[in-house]
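Worksheet: one structure, shown below.
The values are calculated or read from the model by the stated rules, or taken from the named source; none is laboratory data. Note that the structure is a prediction, hence the values are computed from the model and not measured. Reconstructed Cβ throughout: ideal geometry from the backbone, glycine too, with neighbour counts over all protein chains shown. These area figures cover heavy atoms from the full protein model, side chains too; ligands, DNA and RNA do not enter into them. Shrake-Rupley method; radii C 1.70, N 1.55, O 1.52, S 1.80 Å.
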Amino acid sequence: MIRYALVCDHAHPFEAWFGSSDAYDDQAARGLVECPFCGSHAVSKQIMAPAVAGTKTRGADPDLAARLQTMMMQAAREVRSHVEQNFDYVGDTFAREARAIHEGAAEKREIYGEATPAEVRALKEDGVPCAALPPVPVDPAKTN
Ligand SMILES: [Zn+2]
């Protein structure tokens, strides 16, 4: 038996047991693997990254974990700098601006800024698209 961490096309994570990796491939190809949350058959294996901290490496390459973490930090920085260079910064009026743009009350443009968790929840409930930027380690020189 082999356990796979799977994810459906709605990003629901779940796990399932299969007799073998061939059994998984066969069942997935025939649409027999179903998301327990939404019933979707568009299911694929989750891409897993190794645990980076806190667990024993048990023979795993410790450099690999460090390299992956560096790559993820690098990617996060690149996403952030793209946003910072191309999007309008609106500060803590983000929720109001995002809603105004969504409702057509403000010029359509890409913005970023700060929002409270409650504001983000309200935006999502109203169908206003927004996503958190990946966190980036803070440059100590830029903190207060
Ligand atoms: Zn699902």
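The residue list Ala60, Ala118 contains one member that is away from the ligand (no atom under 16 Å from the Cβ) and at pLDDT below 85, which is Ala60. Filtering Glu78, Glu103 for residues that are more than 30 Å from Ile47 (Cβ to Cβ) and surrounded by fewer than 14 Cβ atoms within 10 Å (Cβ to Cβ) leaves a single hit, Glu103. Among residues of the stretch 109-121 that are surrounded by 11 or more Cβ atoms within 10 Å (Cβ to Cβ), those with a Cβ under 9 angstrom from a residue that is β-branched (Val, Ile, Thr) and at pLDDT below 90, sequence gap 6+ or separate chain, pair up as Tyr112/Val83. With respect to the conditions (1) open to solvent by less than 100 Å² (accessible area, probe 1.4 Å); (2) under 18 Å from the mean Cα position of the chain (by Cα); (3) modelled with pLDDT of 80 or more, Pro134 lacks only one, and its number is (3). Contact annotation: residue pairs with Cβ atoms under 7 Å, 6 or more positions apart or on different chains, pairing a residue in the stretch 6-22 that is assigned by the TED database to the domain that holds Ser40 and among the polar types (S, T, N, Q) with a partner that is more than 8 Å from the ligand (Cβ to nearest atom) and open to solvent by 30 Å² or more (accessible area, probe 1.4 Å), are Ser20/Ile2; Ser21/Ile2. Going through (1) modelled with pLDDT of 85 or more; (2) out of contact with any Gly (no Cβ under 8 Å at 6 or more places or on another chain); (3) loosely packed, with under 12 Cβ neighbours inside 10 Å one by one, Ala51 falls short only on (1).
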